[in-house]
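The values are calculated or read from the model by the stated rules, or taken from the named source; none is laboratory data. Predicted, not measured: the structure shown is a model, and the values here were computed from it. Quick reminder, even Gly has a Cβ in these numbers, built from the backbone with ideal geometry, and neighbours come from all protein chains shown.
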Amino acid sequence: MDSAIAQKTWELENNILTVETPDPSSDSIFYYDEAAQAKFQQEKPWANDPHYFKRVKISALALLKMVVHARSGGTIEVMGLMQGKTDGDAIIVMDAFALPVEGTETRVNAQADAYEYMVDYSQTNKQAGRLENVVGWYHSHPGYGCWLSGIDVSTQMLNQQFQEPFLAVVIDPTRTVSAGKVEIGAFRTYPEGYKPPDDPISEYQTIPLNKIEDFGVHCKQYYALDITYFKSSLDCHLLDLLWNKYWVNTLSSSPLLGNGDYVAGQISDLAEKLEQAENQLAHSRIGPLGPPRKKLQEESQLAKITRDSAKITVEQVHGLMSQVTLLFQIFRT
Amino acid sequence: MASSSSSGLTFKLHPLVIVNISDHYTRVKSQLSLPPSLTSTSSAATSNNNNNNSNGGENNQNPPPRVYGCVIGVQRGRTVEIFNSFELIYDPSTRSLDRSFLEKKQELYKKVFPHFYVLGWYSTGSDAQESDMHFHKALMDINESPLYVLLNPAINPAQKDLPVTIYESELHVIDGVPQLIFVRSSYTIETVEAERISVDHVAHLKPSGGSAATQLAAQLTGIHSAIKMLNSRIRVLHQYLVGMQKGICPFLVIVVQIKFSWNYVNI
């Protein structure tokens, strides 16, 4: 039966994850080996291979800080820096901190202000016992997905020339709340003029119409890295105990209400895309011999629109199901 | 020593603070212990080392280090909400707090979070000690009645409750001498939606990508666990009430506080 198969798949995935549950000996990831890091910095194995770094490990603390900061910005983009180290072909992010700049400023201005803050903060951190260096930057795209815009790509290319190893992370706090799972992406750009050997298959995500051009022009200039998370044994223990007090919040959360504006935006964007698809269809009919290629393109655009609308519906159904249906069932006498 | 507080303030603690303190402690502890080497025998020795530390210290290992830091947040009327925290430099042997560091850090955090201000301090350990009062008094010039958040880092698998206590200071007259002592306060865990999702994500290490099916399964699992908890709590209450009816258990006024957002659900 379907449900049995679904459960087995879920258990299988779960089992794979529980093997990675940390035990006290794996807290060694928290140890900062200065000599080894300095040596790695000298060797620069990434200089020859643009695809050198393949994985990212983010600590529980860094993730929490980044998501909370991104959400606190509301609809304004926020940015910050990440501290950590490298480990073979993986970049490890141990901590993150926010920078006092807003997305409305141009990037050039932001960097000057941010550097002063960064130097001060790094100094105080080293004094307080956080020895890692800055290893990347993160910023938020509230509501329009995890990808690098044109400005982001040029910033990251600059970073990768002078501040290696460096990583770019994008978080979408609005989609995180509406989908109920963390929307995050980690990217590194290819150097100028480099052609990637094969086309990596990336997960489809819906992009609003006003950003889709920016996305399309630059999407071949960078690649995404795999993200895994880790936590210390004490974190594990505390989070388990936290659940004893937390379950109330899970039941009383209301994703539908919190994200009303975002959902309205999504639906209007979908309407625009439908209109555009309709216009394209009308144009292809006007042409005398409508080449078959255009029709294929048409299909894929309609297919995208169906996928987008399906996603919106799924999220709404989730919200309704969890809040209205289940709670009604429980609390009706 | 720890009688319950009478100040009437309600405390709300965000999970970020707990993860912050835990990370600070793990970091300091791992820098102090032996560096992990590549051979498996010495990594086994390291794990023994860590295990011994978490058991409360053998004589030949270092006792678990204490870390100190500041908690920041907002106070609105009678509600105190603790949002974030950062580390501080304190030398327990000389009892000196690095003032310039504290001020520097405060300035930096003010730039990014202009609404937060210093609410108190935190430390790790199993119980509040006399020497902690010294640190507490040092912070009194920044905040007249600071809070003391204590986290117990010992990992005890039999433990059911969160090992975090919040203390306030009160002036009590003991043997005719007015003294400041720590009194325990109760607190609740408060969160914003995004925080809850990321804590959930890390706590259960759910798969992040995936089709709608896994997403649905993940969300339903979360709700299922929450409902299971509700069910078990209600069972306990029910058993107690039955016992009261039979005369086995003493009569108690049970206050049931159902904290759901009822205004969102129109029944």
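Selection within the range B:251-267: residues that are surrounded by 11 or more Cβ atoms within 10 Å (Cβ to Cβ) and outside any helix (DSSP H, G or I). The member of this set that is modelled with the highest pLDDT is B:F260.
For the range A:45-60, the count of residues that are crowded, with 22+ Cβ neighbours inside 10 Å and in contact with a helix residue (DSSP H, G or I) (Cβ under 6 Å, 6 or more places away or on another chain) is nonzero. Within the range A:7-44, the set of residues being outside any helix (DSSP H, G or I), surrounded by 15 or more Cβ atoms within 10 Å (Cβ to Cβ) and at pLDDT below 70 comprises A:P22 only.
Residues in the range B:114-144 that are in a strand (DSSP E or B) and among the hydrophobic types (A, V, I, L, M, F, W, C) were compared, and the one that is nearest to B:Y167 (Cα to Cα) is B:W121.
Taken as a whole, the range A:131-148 holds at least one residue that is touching a helix residue (DSSP H, G or I) at 6+ places or on another chain (Cβ under 9 Å), part of a loop (DSSP other than H, G, I, E, B), closer than 30 Å to B:S100 by Cβ and within 14 Å of another protein chain (Cβ to nearest Cβ).
For (1) within 11 Å of chain B (Cβ to nearest Cβ); (2) of a type outside the set (F, W, Y); (3) without any contact (Cβ under 8 Å) to a residue 60 or more places away in the chain; (4) more than 23 Å from A:V177 (Cα to Cα), each residue gets a yes or a no:
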{"position": "A:E34", "(1), (2), (3), (4)": "yes, yes, no, yes"}
{"position": "A:Q37", "(1), (2), (3), (4)": "no, yes, no, yes"}
{"position": "A:K44", "(1), (2), (3), (4)": "no, yes, no, yes"}
{"position": "A:H51", "(1), (2), (3), (4)": "no, yes, no, yes"}
{"position": "A:S72", "(1), (2), (3), (4)": "yes, yes, yes, no"}
{"position": "A:P100", "(1), (2), (3), (4)": "yes, yes, yes, yes"}
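Taking the range B:70-98 as the region of interest, how many residues are more than 20 Å from B:I189 (Cα to Cα) and in a strand (DSSP E or B)?
Summing the residues that are more than 20 Å from B:I189 (Cα to Cα) and in a strand (DSSP E or B) in the range B:70-98 gives 5.
Pairs are defined by a Cβ separation below 8 Å, a sequence spacing of at least 6 or placement on different chains, a first member in the range B:157-185 that is without any contact (Cβ under 8 Å) to a residue 24 or more places away in the chain and farther than 28 Å from B:K12 by Cβ, and a second member that is β-branched (V, I, T) and part of a loop (DSSP other than H, G, I, E, B); no pair meets this definition.
Listed here are the helices (runs of 4 or more DSSP H) enclosed by the range A:158-273 that have at least 1 residues being closer than 23 Å to A:R71 by Cβ and at pLDDT 75 or above: A:173-179, A:212-218, A:233-252.
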